[in-house]
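**Student:** One structure, pasted below without further comment.
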Amino acid sequence: MDYGLISKIEKAKTYATEKERIQFDSFAVNVNGENSSHQVRFSSGDWGCDCDYFHTRGYCSHTMAMERILDQMLPRTVPS
Ligand SMILES: [Zn+2]
């Protein structure tokens, strides 16, 4: 391995432990729920999910699961 690559890997390790360096603009994931799969979206601070519960409440088990996975990297929709 060349020195340049070693340096990049070390920097990556540092960034991975300093989550405050990272802000999400948007992403979309599929969450395989107990009954069916749901698409969860995050864009400019707003959550979305195609499940019925989200449409009436603005949050759901799928968005809350992503909040827990990305702990402290995203704004919370409900208190933890
Ligand atoms: Zn949902």
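**Student:** May I ask you to list the residues in region 25-75 that are surrounded by 14 or more Cβ atoms within 10 Å (Cβ to Cβ), under 9 Å from the mean Cα position of the chain (by Cα) and acidic (Asp, Glu)?
**Tutor:** Result: GLU67, single match.
**Student:** Further question on the same structure: Given the conditions (1) small (Gly, Ala, Ser); (2) free of Cβ contacts under 8 Å to residues at least 24 places away in the same chain; (3) surrounded by 10 or more Cβ atoms within 10 Å (Cβ to Cβ), and given that GLY4 satisfies all but one, which numbered condition is not satisfied?
**Tutor:** (3)
**Student:** So, one more: Restricting to region 21-80, what's the tally of residues that are of a type in the set (Asp, Glu), part of a loop (DSSP other than H, G, I, E, B) and either more than 9 Å from the ligand (Cβ to nearest atom) or touching a residue at least 60 places away in the same chain (Cβ under 8 Å) (or both)?
**Tutor:** 3
Here, each number is a calculation from the coordinates, and none is a lab measurement. All values reported here derive from a predicted model rather than from experimental measurement. All Cβ positions, even for glycine, are placed from backbone atoms using ideal geometry, and neighbour counts span all protein chains on display.
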